[in-house]
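Structure first, then comments.
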Amino acid sequence: MRDYIEERAEEIGAYIVESGATVRQTAKKFGVSKSTVHKDITERLIKINPMLAARTRIVLDLNKAERHIRGGLATKEKYRHQV
């Protein structure tokens, strides 16, 4: 079981770096919870592949910094269709 988890953590990290995906998008793609994605990146991946973990952290930090903008755009889009 351990090998599967480590492999998944590396796959998740690579996916986030390549696609710039958010934690939510990644969780949906891999069929796991947001908590699992977060734990794979913040705890497991650092031990398995520190270089990939650092690159993944950069993408996640960028997503976090931009999320208030995405939320505002989603709200704007929602109300634009209700008028």
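The values are calculated or read from the model by the stated rules, or taken from the named source; none is laboratory data. Just so we're clear, the structure is a prediction, and the values are computed from it rather than from any experiment. Cβ: placed from backbone, ideal geometry, glycine included. Neighbour counts: every protein chain shown. Accessible surface is based on the protein model in full, side chains and every heavy atom, while ligands, DNA and RNA are left aside. Shrake-Rupley method; radii C 1.70, N 1.55, O 1.52, S 1.80 Å.
Computed quantities for the displayed model
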{"quantity": "Output for the range 1-32, where each listed residue is within 23 Å of A65 (Cα to Cα) and of a type in the set (K, R)", "calculated": "R24, K28, K29"}
{"quantity": "In the range 1-33, residue most open to solvent (accessible area, probe 1.4 Å) [restricted to those that are within 11 Å of the chain's Cα centre (by Cα) and over 15 Å from T56 (Cα atoms)]", "calculated": "K28"}
{"quantity": "Residue check, G71 of a type outside the set (S, T, N, Q) and either on the phi < 0 side of the Ramachandran plot or at pLDDT below 85 (or both)", "calculated": "yes"}
{"quantity": "Matching residues in the range 44-69 - criterion: being of a type outside the set (A, V, I, L, M) and surrounded by 12 or more Cβ atoms within 10 Å (Cβ to Cβ)", "calculated": "R44, N49, R55, T56, R57, N63, R67"}
